[in-house]
């Protein structure tokens, strides 16, 4: 059993954070010492580990409490998918800002090294490597079949809008397309 101070230190949290989790009902201690100090067992430690992981991916304490109370994998997956989708939108917005800054710097005569890869640069790179349109289609098809989620994330990383990502993924599965 760990005291609140030892548990807080172990996870890099403050004691007040753990007290707050207790008051919210997120993490109740399994016991109390003779001096009425909170004590946490292995199940509590595992629960805190899960809480910390869910906070690190950006879920609110309210959402975490709901998910843990329901204890349903489908709801957790749904929440994580929604969070991932939100991050893709944020990354897209940041890429847009990045492009604007690069354009502004270029307009001021600053020579920029290539710092980001967009879809046009990626296609040019593949063509320079000798890939034909058919080769690129096959590349997308293999990527979609072997790692569909990674393929989706990669397409978003190029700054593509969601509709274009959906279209490319759909076409990847049709052998005669493109």
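The values are calculated or read from the model by the stated rules, or taken from the named source; none is laboratory data. Computed from a predicted structure; not experimentally measured. As a convention, Cβ positions derive from the backbone with ideal geometry for all residues, glycine included, and neighbour counts pool all protein chains shown.
Quick grid of which residues meet (1) assigned by TED's automatic domain parsing to the domain that holds residue 170; (2) loosely packed, with under 11 Cβ neighbours inside 10 Å; (3) free of Cβ contacts under 8 Å to residues at least 40 places away in the same chain; (4) assigned to a helix (DSSP H, G or I):
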| residue | (1), (2), (3), (4) |
| --- | --- |
| 121 | yes, no, yes, yes |
| 125 | yes, no, yes, yes |
| 131 | yes, no, yes, no |
| 134 | yes, yes, no, yes |
| 137 | yes, no, no, yes |
| 140 | yes, no, yes, yes |
| 144 | yes, no, yes, yes |
| 150 | yes, no, yes, yes |
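If you check residue 166 against the conditions, is it in a helix (DSSP H, G or I) and within 30 Å of residue 60 (Cα to Cα)?
Details: in a helix (DSSP H, G or I): yes; within 30 Å of residue 60 (Cα to Cα): yes.
Spelling it out, residue 166 is indeed in a helix (DSSP H, G or I) and within 30 Å of residue 60 (Cα to Cα).
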Next item on the list: Return yes when residue 41 is more than 29 Å from residue 90 (Cα to Cα) and in contact (Cβ under 8 Å) with a residue 24 or more places away in the chain and no when it is not.
Entry: yes
Notebook entry, point to check: Is there a residue in the stretch 25-40 that is in the same structural domain as residue 65 (by TED's automatic domain parsing), buried (at least 18 other Cβ atoms within 10 Å of the Cβ), part of a loop (DSSP other than H, G, I, E, B) and more than 26 Å from the chain's Cα centre (by Cα)?
Noted result: yes
Next item on the list: Mind counting the residues in the stretch 152-163 that are surrounded by 15 or more Cβ atoms within 10 Å (Cβ to Cβ) and assigned to a helix (DSSP H, G or I)?
Entry: 6
Check: Got a sec? Which of 96, 92, 65 is assigned to a helix (DSSP H, G or I), in contact (Cβ under 8 Å) with a residue 40 or more places away in the chain and either at positive phi or surrounded by fewer than 15 Cβ atoms within 10 Å (Cβ to Cβ) (or both)?
Finding: 96
Notebook entry, point to check: Assuming residue 4 fulfils every condition listed in (1) at pLDDT below 95; (2) surrounded by 14 or more Cβ atoms within 10 Å (Cβ to Cβ) apart from one, which condition is it?
Noted result: (1)
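Just to be sure before I move on: is residue 105 touching a helix residue (DSSP H, G or I) at 6+ places or on another chain (Cβ under 7 Å) and part of a helix (DSSP H, G or I) in the structure I sent?
For residue 105, the condition - touching a helix residue (DSSP H, G or I) at 6+ places or on another chain (Cβ under 7 Å) and part of a helix (DSSP H, G or I) - is not met.
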Notebook entry, point to check: residue 58 is checked against (1) outside any loop (DSSP other than H, G, I, E, B); (2) touching a residue at least 24 places away in the same chain (Cβ under 8 Å) and fails just one. What number does that condition carry?
Noted result: (1)
Notebook entry, point to check: Counting just the residues of the stretch 164-178 that are under 20 Å from residue 84 (Cα atoms) and touching a residue at least 24 places away in the same chain (Cβ under 8 Å), which one comes out surrounded by the most Cβ atoms within 10 Å (Cβ to Cβ)?
Noted result: 168
